[in-house]
Every structure is written in structure tokens, then in C-alpha cells.
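One structure is given below, encoded as C-alpha cells.
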Amino acid sequence: MKKILLLLMGIITGIYEARACDICGCGVGSYYIGLLPDFKKKFIGVRYQYKTLRSHLGPGGTTSYLTTNETYQTAELWGGWNIGKRFRVLGFIPVNFNSRENQGATLRKSGIGDIALVGYYQLLDKQHTTGNGKLLVQSLWIGGGIKAPTGKYEPTEHKENEDTPNNFQLGTASTDFTLNAMYDVRLMDFGVNANVSYKINTANKYDYQYGNKFTANILGYYKIRAAEKVTLAPNAGILYETAEKDTEAKKYTVDISGGHSLLTTVGLEATMGVVSVGGNFQPVISQQLADSKIKAGNRVMVHVTYLF
């Protein structure tokens, strides 16, 4: 167990100096999972995510008349299905609401985003009683997924705004793939949960390719039995994102892309019978996006989920 935890922490911290990110999870770049609700067979629910981004920054983060404020909101239908004892499938159908404000003028676009499906295989499912009589439970899931180009992509958005990150899109117009792993270890009511994901992006039909992206988060949580059918799970941890710079025509690097970000996560999950609700706040600790020409703001996510 200690070796697995050390390996996960090494992955998160060891790549900290890598170049990265289709701009800090905003726009078309977010695949945060976090703590899954407790479910035996299936779940379906709605998640809401709120993120902000500021572009056209000068040295030291200074602003000017060119500075643009962007807001990305997503209402996402998500669900999970455990098939037998070893297989699990997660699905995500996002609807995006984007807005961009500059010099008092606001541009908005909304619509369905890119639908994603991820399959997992349970590699480890172990529980035993320790020497002092406490129950220790471990599970490790590994898998992969696919993201379909269902969201609208506007090539003119980038061509007309080459000095702006190509993030103000509803989708990427590309079929992309993910490699995923979820590890959870719990000693009685205290647990640690870790998720890692590597997203492999392909070029779309407009010869634009978003940089491959790595996401990792680790959370500590504590389960509190508040009532007979009510369980609370306060949690806290860190989230790290990084990816390569975008490219055009398979050879030209897009300058206004790349970077990395590190965020803390503080949240609460509550399960009341067959209903689970939760949320978290993710303040930014540090970031280096597009050579400091971009700055991402804090994030918020909430969900309501039905377990069956």
C-alpha cells in the first residue's frame, strides 16, 4: 500500500516541471472525476462546473484594454455502471455555456460538448483486518476511454484570434483517447483516493491538435455516519494538470497554449439513502499558462446523483 501511494505522489509531483495544458481545464479541457459517490450497481446524476480564465496579460500579470475575461460553465449528465465484480463504465454528456467579455462587450456561445465514455477493470480488490482489529480496504481500477467530437468547433475562432488561446470552443472536433487509473485505500473511516488520467488528443479535420494532457488528483476523506441512512464525507487534497502545447498542420507550435496548474480541493460529499449530493471548491495554488499570458481562476463543482 505504501509503495502504491508513493508511486502516485511521485507521478503528481515528479512531472511538475513539464509543459502543459489546454488551459487549465477550462473550455474543452476538463475531465475531473474526484470522489465517486458510493454505489453498488449504477448511478446517474448532474454535475455543474464553474471556471474562469483571463487572457492577454502583460509582464507580471498586468492588464490592458486587450485583457479578456472568460467564463466556462458546464452542466453535465454523468453516470456509472458496475458490470459484474470487475468491470465499470462511466459516461459524460456535457452542455457548455461559454462567455467572453472585453471592453464591456460580451460574446456567448452554448451547446452540447464532447461526449466521453470510460471503461475500467478492477485490478485490485482487497480487504483484511489489521493487527489491531481495524478494517483495511483497497481497490485499484485501470482502464481507458474515448471522447467523441460531438461539440461544435469553429475554426474561424482561432484564425481570427491567433493571439488568444483556442479554448473558446464547445468541442475539439477530434476523436481523443484517455488512459485512466483510480486507487482507493481506506482504514476504517479514513481513506485516500487518487485518480490519474492521460488524454491523447488527435488532430481534427482543420489540422488543429490540442496538446496531450495529464491530470492527477489525490484526496483524503473521512466518512461520518450522521444518521441511519446519512453518511457525510468531508475531503481535501490537491489537483494537478499539465499537457503539451497545441500544434497546427502537425508542425507549427501554437504559442498561446501550454502551461501547468496546481490547485487545492476542499469539498463535502453526502449520501442520503439513494441520493448523493456533493461539491468542492478548488483554489489555485500556482500556475504557469502560455508563458504567463494566461491566468485561470478558482473553480467550483457541485453534483446531485441518484444511486440504484
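Here, each number is a calculation from the coordinates, and none is a lab measurement. Model, not experiment: these values are computed from the prediction. For neighbour counting, all protein chains shown are included, and Cβ atoms are generated from backbone atoms with ideal geometry for every residue, glycine included.
Only one residue of 198, 174, 185 has its Cα farthest out toward the positive end of the dipole of region 166-290, where Lys and Arg carry +1 and Asp and Glu -1 on Cβ, and that residue is 185.
Once each part is reduced to its C-alpha centroid, what is the distance from region 195-218 to region 93-126 in angstrom? Cα centroid of region 195-218 versus Cα centroid of region 93-126: 13 Å apart. In terms of distances greater than 25 angstrom between alpha carbons, the cross-link table entries 51/152; 40/213; 42/223; 51/213; 40/229; 42/152 yield 40/213; 42/152. Were the residues from residue 48 through residue 308 laid out at 0.36 nm apart, the gain over their Cα-Cα distance would be 91.5 nm.
Can you list the equivalent-ellipsoid semi-axes of region 86-135, largest first and in whole Å, using the square root of 5 times each Cα gyration tensor eigenvalue?
Numbers: eigenvalues 433, 66, 8 Å².
In descending order the semi-axes read 47, 18, 6 Å.
With 20 Å bins beginning at zero, the pair-distance distribution over Cα atoms of the chain amounts to 32, 57, 11, 0 %. Between the listed residues 73, 283, 234, the Cα displaced farthest toward the positive end of the dipole of the chain, a dipole computed from Cβ unit charges relative to the Cα centre, is found at 234.
Comparing region 60-170 with the 2.2 N^0.38 Å rule of thumb, its C-alpha radius of gyration ratio is 1.65 (two decimals).
Net charge dipole, region 2-307: roughly 1120 debye, given to the nearest 20, about the Cα centre with Cβ charges of +1 for Lys and Arg and -1 for Asp and Glu.
Between the helical axis of 2-14 and the longest alpha-carbon principal axis of the chain there is an angle of about 10 degrees. DSSP finds beta bridges in region 161-308, and of those with both partners inside it, around 100 percent are antiparallel.
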